[in-house]
Amino acid sequence: MRPILALITIALLALATPAVAQTRAAPPPASSLIDLNNASRDDLMTLDGIGEVRADAIIRARPFKAKTELVERRLIPEHLYEKLADKVMARPPPAAPAPARPVPQKRT
């Protein structure tokens, strides 16, 4: 009778595990993150601790390669960054196209 009880316990644990995993908070989707390189002043000001002055400073400091540059460039203090790090991203700006090289013309 003990082996049956052990099998039932294992089956119940296996069924309960996915439900527990689903209760964890998922990170916000990338589409809801504020892009530091493209966000408007008003969008930046929706973040806690970012007012007019900090929003303007962020815009002037663009482009960002990583969101950690907010602290590295001393635009915001580290304690504030910890509060908003999961709400922002720094999508790199598109690379500028390489200048076209002139095609040498044949001399006749």
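FYI, it's all coordinate maths here, none of it is from the lab. Predicted model only: the values in this text are computed from it and were never measured. Glycine gets a Cβ as well: all are built from the backbone with ideal geometry, and neighbour counts include every protein chain shown.
Close contacts from the range 34-46, counting a first residue that is loosely packed, with under 13 Cβ neighbours inside 10 Å and a second that is acidic (D, E), with Cβ to Cβ under 9 Å and a gap of 6+ residues or different chains, come to R41/E52; R41/D56.
L47 - would you say it is of a type outside the set (G, A, S), out of contact with any Ser or Thr (no Cβ under 8 Å at 6 or more places or on another chain) and within 20 Å of P93 (Cβ to Cβ)?
Working: of a type outside the set (G, A, S): yes; out of contact with any Ser or Thr (no Cβ under 8 Å at 6 or more places or on another chain): yes; within 20 Å of P93 (Cβ to Cβ): no.
When the stated conditions are applied, L47 does not pass them.
Scanning the range 49-108 for residues that are under 17 Å from the mean Cα position of the chain (by Cα) and basic (K, R) yields R62, K65, K67, K83, K87, R91. Would you mind stating whether P93 is part of a loop (DSSP other than H, G, I, E, B) and in contact (Cβ under 8 Å) with a residue 24 or more places away in the chain? Yes: the conditions hold for P93. Put simply, of R74, R101 the only residue that is without any contact (Cβ under 8 Å) to a residue 12 or more places away in the chain, in a loop (DSSP other than H, G, I, E, B) and at positive phi is R74.
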